[in-house]
Amino acid sequence: MEIFGVDIGGSGIKGAPVDLERGDLSQERYKVLTPQPATPDAVAEGVKEVVGHFDVRPERVGITFPGVVTGGATIRTAANVDKSWIDVDARALLTEKLDGLPVTIMNDADAAGVAEMAFGAGRGRKGTVLLLTFGTGIGSALFADGILVPNTELGHLELGGHDAEKRASTKAREDEDLSWEHWAKRVSKYLAHVEMLFSPELFVIGGGVSRKADKFLPLIKGVKAEIVPAELQNNAGIVGAAMSASRT
């Protein structure tokens, strides 16, 4: 059974067929830029382009969304895409756009976390594990003894009078041209705050910046929990989305 994963982000929409035995992509992923404004119809067209890029038709498609998703369908928040997404039935919209293909929808960081817990840095870990994805915003996936607590969206905790993701995301580092040292101080402050609230044994740092973990993880200070980079890196959301689709 061919299952695709598609990861909708604030800056890009990427996807690929997924090998669920290995927890990896079975073909090189394809990416398009997230349209601006990122309205439901425009983003749905981007998803259709990504799925249509491949020469096989999937039986199911798992899709991530950068916000709270309830009931596996309804969008409740839309921090890094157009606000017109709020209260949209994304499953119905994307099923129609993909000509009736069965679709599952889940929070983007939750999908990445599910993949990392099954195939990556969280594999076999008990206790409290927290995956944080740093990109356009900061996503979060919280696990208690391997069980996902969905839609935590901890990037919106307050840090320095702002949403944490406005200060400590990869986008903030790039927009403000911060050095790795300066950015690591902000990330350290954020991680220390999250640690105070949830006391995780393990932080898994994901998103595209995880490819450069050696640039900043050694600079993180004041955090007691173990901190490791995501092993699936920026493909985790695609894999987790496909895992979700395979279970329906």
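Condition first: surrounded by fewer than 22 Cβ atoms within 10 Å (Cβ to Cβ), at pLDDT 95 or above and not in a strand (DSSP E or B). Now tell me which residues in segment 217-242 satisfy that.
Across segment 217-242, the qualifying residues are Leu217, Pro218, Leu219, Ile220, Lys221, Gly222, Val223, Lys224, Ala225, Glu231.
Please enumerate the residues belonging to segment 129-145 that are of a type outside the set (Phe, Trp, Tyr) and in a strand (DSSP E or B).
Listed by number, the residues that qualify are Val129, Leu130, Leu131, Leu132, Thr133, Ile138, Gly139, Ser140, Ala141, Leu142, Ala144.
Testing Gly124 on (1) surrounded by fewer than 23 Cβ atoms within 10 Å (Cβ to Cβ); (2) modelled with pLDDT of 95 or more; (3) within 15 Å of Gly10 (Cβ to Cβ), one condition comes back false. Which one is that?
(3)
Exactly one of (1) closer than 20 Å to Ile220 by Cβ; (2) touching a residue at least 60 places away in the same chain (Cβ under 8 Å) is unmet by Ala111. Its number?
Evaluating Ala111 over (1) closer than 20 Å to Ile220 by Cβ; (2) touching a residue at least 60 places away in the same chain (Cβ under 8 Å) leaves (1) as the failure.
Just the residues that are in contact (Cβ under 8 Å) with a residue 24 or more places away in the chain and surrounded by fewer than 16 Cβ atoms within 10 Å (Cβ to Cβ), please, taken from segment 12-40.
Arg22, Asp24, Gln27, Pro37
Out of Val50, Val69, report the one residue that is more than 16 Å from the chain's Cα centre (by Cα) and touching a residue at least 24 places away in the same chain (Cβ under 8 Å).
None of the others qualify; the one that does is Val50.
From the list Val103, Val56, Val50, which one is under 23 Å from Asp24 (Cβ atoms), at pLDDT below 95 and among the aliphatic types (A, V, I, L, M)?
Only one candidate passes the filter, namely Val56.
May I ask you to list the residues in segment 146-166 that are closer than 21 Å to Val228 by Cα and either acidic (Asp, Glu) or part of a helix (DSSP H, G or I) (or both)?
From segment 146-166, those closer than 21 Å to Val228 by Cα are 146-149, 152-155, 164-165; that's our starting set.
Answer for segment 146-166, where residues must be closer than 21 Å to Val228 by Cα and either acidic (Asp, Glu) or part of a helix (DSSP H, G or I) (or both): Glu153, Leu154, Gly155, Ala164, Glu165.
Only one residue in Leu159, Leu142 is touching a Phe, Trp or Tyr at 6+ places or on another chain (Cβ under 9 Å), at pLDDT below 95 and outside the structural domain of Glu59 (by TED's automatic domain parsing). Which one?
Values: Leu142 fails: at pLDDT below 95.
On inspection, the qualifying residue turns out to be Leu159.
Is it the case that Lys185 is under 22 Å from Asn107 (Cα atoms) and either hydrophobic (A, V, I, L, M, F, W, C) or part of a helix (DSSP H, G or I) (or both)? Spell out the reasoning first.
On the way: under 22 Å from Asn107 (Cα atoms): no; either hydrophobic (A, V, I, L, M, F, W, C) or part of a helix (DSSP H, G or I) (or both): yes.
Taking the combined requirement at face value, the residue does not satisfy it.
The values are calculated or read from the model by the stated rules, or taken from the named source; none is laboratory data. Quantities reported herein were computed from a predicted structural model and do not represent experimental measurements. Quick reminder, even Gly has a Cβ in these numbers, built from the backbone with ideal geometry, and neighbours come from all protein chains shown.
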